[in-house]
Amino acid sequence: MPSPAARLACVAGALANKPGNGGEAWVRLSWLRGLQRLGWRVVFVEQIASAACVDAAGAACAWDVSENRRFFDRVVADFGLTGSAAVIVDGGSAIHGMTRDDLFGRAAAARVLLNISGHLDWPPLFDRLSNRVYLDIDPGFTQFWQAQGTGGSRLEGHDAYVTVGLNVGAADCCIPTCGIRWQHVLPPVTLDDWPMAESLGGDDDAPAGGRFTTVASWRGPFGPITHDGRTFGLKVHEFRKVLDLPARTGLPFEVALAIHAGDAADREKLLAAGWRLADPAAVAADPHAFRDYVSGSLAEFSVAQGVYVDTNSGWFSDRTVRYLASGRPTLVQDTGFSRHLPTGTGLVTFRTPDEAAAAAADILARYDDHRAAARAIAAAHFDSDRIIGRLLAEVGVA
């Protein structure tokens with residue numbers, strides 16, 4: 001085993017780039033805190049361009065006074081990462097959070113880089129890092145872009161490639177491997193950060209109480225993608241298939257939904273169909289608010305991006321992992337992950353609107369069983385100790 005002084009890991013990803021998004025922050029935090037639980041020292045690195053910076057009203061502004069910086073500083077401080085996190089601004093014209101010498105020195109000492117979505121590509125730092133692991137959290141998008149030569153995936157220069165698409169490389173998954181040997185990983189959760197939530201109690205466990213919830217973007221950051229003449233859809237296309245779910249079940253469904261003003265017609269259809277819409281900026285604006293929203297829900301209901309479903313990718317949501325850890329049952333669209341995980345109680349899947357309606361009723365009828373199973377599945381399959389420990393061993397830095 002390496003000495004404690006040598007056990008330093010670098011995690012790269014988007015945090016300041018996603019201000020006001022508590023769920024996305026947890027994606028990065030789970031890897032950082034999971035590594036810390038295993039005894040590693042960590043450094044977090046991010047890149048941002050001034051053109052991406054906004055003020056509280058969403059208008060363009062300078063990095064130093066931006067919501068991006070405020071969000072980054074707050075999350076870093078709240079989770080004990082001050083002095084161990086840096087933002088590279090405008091290709092290195094400035095470095096926020098650490099000195100350049102400290103950042104470069106730690107990079108040279110790091111035994112592994114976990115590069116989420118290939119976020120870090122700044123050569124002066126990237127070239128100092130060894131054991132560079134590409135962590136793909138958008139299977140399908142990543143590989144199709146690479147196959148099309150757009151350069152958006154930033155796959156080059158890594159030593160290992162890992163994806164949450166559990167079926168990438170399988171015969172019945174149409175996502176191209178691009179000549180890469182993809183290893184597979186489930187999204188980790190630090191169970192201490194996500195304790196079993198208390199029972200909702202009282203009337204909240206009855207069919208008329210509680211809410212099936214999720215936090216989502218109507219279209220997501222990427223547009224539909226076409227490959228070999230086939231177009232793969234987005235989350236909006238999958239949501240439209242279950243639009244009548246509240247009406248047909250008589251149950252409360254709520255989405256903390258980021259939806260553009262240009263999609264006002266879709267928003268009105270959701271409301272008319274009985275969906276409750278919450279503002280993610282109000283209920284999930286930071287990691288703490290996101291955790292409260294999840295643990296205060298009855299269960300999760302969510303569809304997946306069309307590309308994840310139609311390719312049989314085996315993609316599994318990091319958000320769903322948080323619901324499971326909180327002891328909140330999850331009712332989610334199957335992307336092909338069901339061949340790898342226990343489903344039916346706690347983690348419940350659907351392919352059709354009829355299956356979704358029947359499963360929602362079953363969750364309420366057997367709520368205590370589903371609640372206990374959800375936490376048990378999180379502990380058995382998503383515990384960060386197990387997930388990250390295995391990954392480090394597979395890439396040769398255990």
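What follows draws every value from the coordinates through simple rules; no lab data is involved. The shown structure was predicted, so the numbers you read here are calculated from the model rather than taken from an experiment. Methodologically, a virtual Cβ is constructed for each residue, glycine included, from the backbone with ideal geometry; neighbour enumeration extends over all protein chains shown.
What do you get for the angle between helix 384-394 and the principal long axis of the chain? Use alpha-carbon atoms, 0 to 90 degrees, nearest ten. Roughly 50 degrees, rounded to the nearest 10.
So, in Å, what gap is there between the alpha-carbon centers of region 239-288 and region 72-96? So the two Cα centres are separated by 33 Å. Dipole magnitude for region 242-315: about 140 debye, using +1 per Lys or Arg Cβ and -1 per Asp or Glu Cβ, origin at the Cα centre.
Per residue, the Cα convex hull of region 202-381 amounts to 119 Å³.
If the chain linking Leu341 and Ala361 were pulled fully straight, counting 0.36 nm for each residue of separation and taking away their Cα-Cα distance, it would gain 5.0 nm. The mean sequence distance of close C-alpha pairs (under 8 Å, at least 6 residues apart), as a share of the length of the chain, puts its relative contact order at 16 percent. DSSP assigns beta bridges within region 202-381; of those with both partners inside it, close to 15 percent run antiparallel. Rounded to the nearest 20 debye, the dipole magnitude of the chain is 620 debye, with +1 charges on Lys and Arg beta carbons, -1 on Asp and Glu beta carbons, and the Cα centre as origin.
Counting every other Cβ atom within 10 Å of each residue's Cβ, Cys174, Cys10, Cys53 order from fewest to most as Cys174, Cys53, Cys10. Arranged from fewest to most other beta-carbon atoms within 10 Å of their beta carbon, Arg7, Arg74 become Arg74, Arg7. The ranking of Met98, Met196 from fewest to most other beta carbons within 10 Å of each one's beta carbon is Met196, Met98. Label separation (Ala171 vs Ala273): 3.7 nm, computed from points 7 Å beyond Cα along the C-beta direction. Take the Cβ atoms of Asp121 and Asp385, set R0 to 25 Å, and the FRET efficiency comes out at 0.25.
Build a GNM of the chain with springs between Cα atoms under 10 Å apart, and of Thr335, Thr249, Thr150 the one that fluctuates most is Thr150.
Give the shape of region 115-223 as rounded, prolate or oblate, defined through the alpha-carbon gyration tensor: a ≥ b ≥ c are the square roots of its eigenvalues, a/c under 1.5 means rounded, and otherwise the shape is prolate if a/b is larger than b/c and oblate if not. It comes out prolate by the Cα gyration axes. Over region 202-381, Cα pairs under 8 Å with separation of 6+ residues give a relative contact order of 22 percent.
Result for the chain in a Gaussian network model with C-alpha springs under 10 Å: among Val65, Val185, Val303, the largest mean-square fluctuation is at Val65. Assuming a ≥ b ≥ c are the square roots of the Cα gyration tensor eigenvalues, decide whether region 311-393 counts as rounded (a/c under 1.5), prolate (otherwise, with a/b larger than b/c) or oblate. Because a/c hits 1.5 or more and a/b fails to exceed b/c, region 311-393 counts as oblate.
Please work out which option in [x] 21.5, 68; [y] 25.3, 78; [z] 20.7, 61 gives Rg and Dmax of the Cα atoms in Å calculated from these coordinates, and answer with its label. Label of the calculated value: [z].
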